[in-house]
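The values are calculated or read from the model by the stated rules, or taken from the named source; none is laboratory data. Note that the structure is a prediction, hence the values are computed from the model and not measured. Counting neighbours? That spans all protein chains shown, and the Cβs are built from the backbone with ideal geometry, glycine included.
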Amino acid sequence: MINILILGSGGREHALAHKIKQSPKCGNLFVAPGNAGTQQIAKNLELDILDFDAVAKVLKQHEISMLLVGPEAPLVNGITDFFKMKPGFEDLKIIGPSKDGAVLEGSKERAKLFMESHNIPTARYQSFTADTLSEGEKFLETLSSPYVLKADGLAGGKGVLIIDNLTEAKMELGKMLTEKKFGEASQTVVVEEFLDGIELSVFVLTDGKNYKILPNAKDYKRIGEGDTGLNTGGMGAVSPVPFADEEFMHKVEEKIVKPTVSGFSKENIDYKGFVFIGLMKVGDEPFVVEYNVRMGDPETEVVMPRIESDLIELLEKTAAGELDSARLDVSPKAATTVMLVSNGYPEAYEKGKPITGLENISENEAIVFHAGTKVSGNEILSNGGRVIAVTAMGNDHKEALQKSYSQIKKVCFENINFRKDIGFDL
Ligand code: AMP
Ligand code: GLY
């Protein structure tokens with residue numbers, strides 16, 4: 001039995017907690033700060049997850065020996081290195097890469113350099129700073145429309161611009177570099193070729209030498225039906241991705257997963273955790289669009305339910321560097337999730353709305369994963385832009401979606417919004 005702390009408060013963390021809780025190895029499970037969903041299956045701890053001393057204190061207090069980091073921010077800030085160096089935490093099993101691994105998400109330029117060094121297929125690019133703005137403009141002239149500009153640093157998912165017009169692209173490059181359009185994050189800008197294809201995400205669990213490829217997924221990022229309107233954190237997801245057939249996934253493993261993991265070894269990057277590889281399928285070929293150093297949200301809500309193996313065992317082997325001896329069994333069934341969001345999201349949104357009907361969802365039909373929710377007295381209130389993810393399984397994604405949508409009808413909060421067309425393009 002092992003006591004575990006999960007950091008984070010979203011649907012991803014509820015889905016991880018839900019899967020971990022199924023393991024006979026699970027001792028006391030804690031989530032910090034968690035949400036109303038994690039509170040039902042674990043103990044929520046009020047904690048600033050970027051305050052590593054505070055995290056250290058609760059690890060000791062509750063005799064926790066595994067730390068699973070949900071979001072990227074603590075990783076990019078070096079939580080793994082912090083505990084590796086802190087006396088008294090030598091035996092702590094940390095799931096999440098060290099800072100030199102997390103920088104693959106924290107810096108797009110660093111990620112491109114990594115891909116270049118290890119011959120991993122990705123869009124042709126160059127990066128620029130305010131001093132090299134005019135070279136950036138010249139580089140744009142060598143590309144064809146549309147133009148892709150990426151703020152190097154973390155910009156809350158908003159730092160990528162895709163622009164049709166060359167003059168406008170040059171202007172925006174100037175704004176990013178000289179007017180700090182995305183603050184510090186756009187001090188360096190990656191300018192790259194547009195990849196014309198269809199996106200999907202591949203998830204890998206690695207101990208830095210060995211790896212397991214987890215179920216793949218496709219998420220739906222735009223707020224509006226037909227993939228229109230503003231970008232969100234994700235409005236729904238489907239796993240597996242029907243167009244990622246065996247032949248394509250073989251290419252992904254050979255051309256992307258293997259060189260990525262061997263790149264970690266070659267560069268002495270201590271990487272024990274999840275790698276989320278954002279891919280574009282162009283024709284029949286995979287290209288890396290981005291690396292994230294964590295699981296995706298809402299992708300976790302469809303990936304975890306398809307994993308049949310014991311997650312704690314997989315994570316223990318990851319921490320021990322023995323992932324080659326672990327088993328990964330995946331359900332052949334499809335999983336889908338639909339995210340219920342607050343009115344106004346992804347812009348300013350309403351919070352504090354009582355959520356009703358959750359108890360009417362039958363466990364045999366769907367799993368409710370909480371995202372932005374909190375308990376208040378005997379009510380559950382909305383507490384974020386993304387509120388609840390309803391996941392269902394079926395023989396194919398159509399059957400699963402039908403279940404997700406029929407169960408959603410039972411849940412209500414004021415001005416509820418969700419996309420009615422998840423999976424429409426498959
Ligand atoms: P990123 O933050 O790098 O994942 O970029 C955000 C989104 O922009 C991606 O999910 C893609 O939809 C899109 N994108 C990024 N880079 C490219 C590219 N080179 N070609 C086409 N679309 C891209
Ligand atoms: N759903 C996209 C992400 O987690 O980054």
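Considering only residues that are away from ligand 2 (no atom under 16 Å from the Cβ) and either in a loop (DSSP other than H, G, I, E, B) or under 13 Å from the mean Cα position of the chain (by Cα) (or both), look in the range 190-204 and name the one that is surrounded by the fewest Cβ atoms within 10 Å (Cβ to Cβ).
D196
Output the number of the condition that S265 fails; it satisfies all remaining conditions of (1) buried (at least 21 other Cβ atoms within 10 Å of the Cβ); (2) more than 14 Å from ligand 1 (Cβ to nearest atom).
(1)
Tell me, which residue of the range 205-225 that is part of a strand (DSSP E or B) and of a type in the set (A, V, I, L, M, F, W, C) is farthest from H250 (Cα to Cα)?
Within the range 205-225, the subset part of a strand (DSSP E or B) is 205-206, 211-213, 217-219, 222-224.
Filter once more, keeping what is of a type in the set (A, V, I, L, M, F, W, C): 205, 213, 217, 223.
Values: L205: 17, I213: 11, A217: 16, I223: 32 Å.
If we take residues in the range 205-225 being part of a strand (DSSP E or B) and of a type in the set (A, V, I, L, M, F, W, C), then I223 is farthest from H250 (Cα to Cα).
Look through A15, A32, A36 and report the one residue that is crowded, with 20+ Cβ neighbours inside 10 Å and under 23 Å from K317 (Cβ atoms).
Details: A32 fails: under 23 Å from K317 (Cβ atoms); A36 fails: under 23 Å from K317 (Cβ atoms).
Being crowded, with 20+ Cβ neighbours inside 10 Å and under 23 Å from K317 (Cβ atoms) holds for just one of A15, A32, A36, which is A15.
When A348 is evaluated against the numbered criteria (1) within 29 Å of N216 (Cα to Cα); (2) among the hydrophobic types (A, V, I, L, M, F, W, C); (3) surrounded by fewer than 19 Cβ atoms within 10 Å (Cβ to Cβ), which criterion, by number, is the only one it fails?
(1)
Out of the range 354-383, which residues are in contact (Cβ under 8 Å) with a residue 60 or more places away in the chain and either of a type in the set (D, E) or crowded, with 20+ Cβ neighbours inside 10 Å (or both)?
Of everything in the range 354-383, those that are in contact (Cβ under 8 Å) with a residue 60 or more places away in the chain and either of a type in the set (D, E) or crowded, with 20+ Cβ neighbours inside 10 Å (or both) turn out to be I367, V368, F369, H370, A371, G372, T373, K374, I380, N383.
Scan the range 29-43 and tell me whether some residue there is closer than 18 Å to A73 by Cβ, charged (D, E, K, R) and in contact with a strand residue (DSSP E or B) (Cβ under 6 Å, 6 or more places away or on another chain).
There is no residue in the range 29-43 that is closer than 18 Å to A73 by Cβ, charged (D, E, K, R) and in contact with a strand residue (DSSP E or B) (Cβ under 6 Å, 6 or more places away or on another chain).
State the number of residues belonging to the range 270-308 that are within 11 Å of ligand 2 (Cβ to nearest atom), surrounded by fewer than 20 Cβ atoms within 10 Å (Cβ to Cβ) and among the acidic types (D, E).
1
Only one residue in A54, A32 is part of a helix (DSSP H, G or I) and on the phi < 0 side of the Ramachandran plot. Which one?
Details: A32 fails: part of a helix (DSSP H, G or I).
Going through A54, A32 in turn, just one is part of a helix (DSSP H, G or I) and on the phi < 0 side of the Ramachandran plot: A54.
Considering only residues that are surrounded by 15 or more Cβ atoms within 10 Å (Cβ to Cβ), at pLDDT 95 or above and not in a strand (DSSP E or B), which ones fall in the range 226-241?
Here is the first cut: in the range 226-241, the residues surrounded by 15 or more Cβ atoms within 10 Å (Cβ to Cβ) are 232-241.
Next, from what is left, pick out any that are at pLDDT 95 or above: 234-241.
Once the filter is applied, which keeps residues that are surrounded by 15 or more Cβ atoms within 10 Å (Cβ to Cβ), at pLDDT 95 or above and not in a strand (DSSP E or B), the range 226-241 yields G234, M235, P240, V241.
Determine which single condition A237 fails, assuming it passes every other condition in (1) among the aliphatic types (A, V, I, L, M); (2) within 13 Å of ligand 2 (Cβ to nearest atom); (3) without any contact (Cβ under 8 Å) to a residue 40 or more places away in the chain.
(3)
Is at least one residue of the range 268-280 farther than 30 Å from L29 by Cβ and away from ligand 1 (no atom under 14 Å from the Cβ)?
If we filter the range 268-280 for residues that are farther than 30 Å from L29 by Cβ, which is where we start, we get 268, 279-280.
Next, only the ones that are away from ligand 1 (no atom under 14 Å from the Cβ) stay: 268.
Checking the range 268-280: at least one residue is farther than 30 Å from L29 by Cβ and away from ligand 1 (no atom under 14 Å from the Cβ).
Residues checked against (1) within 16 Å of ligand 1 (Cβ to nearest atom); (2) assigned to a strand (DSSP E or B); (3) farther than 23 Å from A244 by Cα:
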site: P286; (1), (2), (3): yes, yes, no
site: V289; (1), (2), (3): yes, yes, no
site: T337; (1), (2), (3): no, yes, no
site: L340; (1), (2), (3): no, yes, yes
site: G352; (1), (2), (3): no, no, yes
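When you go through I49, I20 one by one, which is the residue that is at pLDDT 95 or above and in contact with a Cys (Cβ under 6 Å, 6 or more places away or on another chain)?
I20
Condition check: crowded, with 22+ Cβ neighbours inside 10 Å and in contact (Cβ under 8 Å) with a residue 24 or more places away in the chain. Does D152 satisfy that? Don't jump to the end; show me each part of the working.
Values: crowded, with 22+ Cβ neighbours inside 10 Å: yes; in contact (Cβ under 8 Å) with a residue 24 or more places away in the chain: yes.
Judged against the criteria, D152 is a match.
Please indicate, with yes or no, whether at least one residue in the range 354-370 is within 22 Å of the chain's Cα centre (by Cα), over 30 Å from E90 (Cα atoms) and part of a loop (DSSP other than H, G, I, E, B).
Yes, there is a match, as at least one residue in the range 354-370 is within 22 Å of the chain's Cα centre (by Cα), over 30 Å from E90 (Cα atoms) and part of a loop (DSSP other than H, G, I, E, B).
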